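Quick notes on the structure that follows.
Every read-out reported here was derived from the displayed coordinates using simple, explicitly stated rules and does not represent laboratory data. Owing to the predicted nature of the structure, the values given are computational and were not obtained by experimental measurement. Every residue, glycine among them, receives a Cβ derived from its backbone with ideal geometry; neighbour counts consider all protein chains shown.
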Amino acid sequence: MTAVVFLATFIPRIPIPLGYAHLGDAAIFLLVLLTPRRPALLAACIGSALSDLLGGFPLWILPTLLIKWIMAVIVRRAGISQGHIAKTSRLIAAFLAASLWMAAGYTLFGALLYDSLSAGLASAPGLIMEGLVNSAAALILLPFLKRAGRR
């Protein structure tokens, strides 16, 4: 699971100010919904942090660990209802809430790490778009993965 998150985060990497956009959050959302809680949370954090390490962004490892952990917890708590995956409207809300947290978290840490609010804010549009794309990708892939898991 860690490798899935790492690969989805590392390839493709689309440059944005202070970092890069990727599809790793879609992998995180899907793993959190389809696999046991603890391994999914760890894969979300470690796979993302490995991408920062190997991608040349070691300064971001600790913020990434915190941001991805909270993202995964948001999706897990809101996306699982009575042991089952929640309805689509609730999933959309969970994905968007997690994505909003991700954009806010990276914007805040960007401002702190680079000692500049404008530097942090420069990445916000790309992060918001990344969140929307990852949310859509997870929503599209989820029914196929659920069906494949029943076989």
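Helix 124-150 versus the longest principal axis of the chain: what angle, 0 to 90°, nearest 10, using Cα atoms?
Once rounded, one gets 20 degrees.
If R0 is 22 Å, what FRET efficiency do you get for Ser89 and Leu132 from their C-beta distance, rounded to 0.05?
Computed FRET efficiency for Ser89 and Leu132 comes out at 0.85.
Taking Cα atoms of segment 29-75, Rg/Rh with Kirkwood Rh, to two decimals?
1.00
Based solely on its DSSP helices, what 222 nm [θ] is calculated for the chain when runs of n ≥ 4 H residues each add -39,500 (n - 2.57) and the sum is averaged over all residues, nearest 500 deg cm²/dmol?
Mean residue ellipticity, 222 nm, calculated: -25500 deg cm²/dmol.
Rounded, prolate or oblate: pick one for segment 87-137, where a ≥ b ≥ c are the square roots of the eigenvalues of its C-alpha gyration tensor, a/c under 1.5 means rounded, and failing that, prolate if a/b is larger than b/c, else oblate.
Prolate.
Just add up the charged neighbours of Tyr106: K/R +1, D/E -1, any other residue whose Cβ is under 12 Å from the Cβ of Tyr106.
Around Tyr106, the surrounding residues sum to -2.
For the chain, what class follows from the C-alpha gyration tensor (a ≥ b ≥ c being the square roots of its eigenvalues): rounded when a/c is under 1.5, otherwise prolate if a/b is larger than b/c, else oblate?
Since a/c reaches 1.5 and a/b is larger than b/c, the shape of the chain is classed as prolate.
Note the angle between two axes, namely the Cα long axis of helix 61-79 and the longest principal axis of the Cα atoms of the chain, as a number of degrees from 0 to 90, rounded to the nearest 10.
Between helix and principal axis, roughly 30 degrees.
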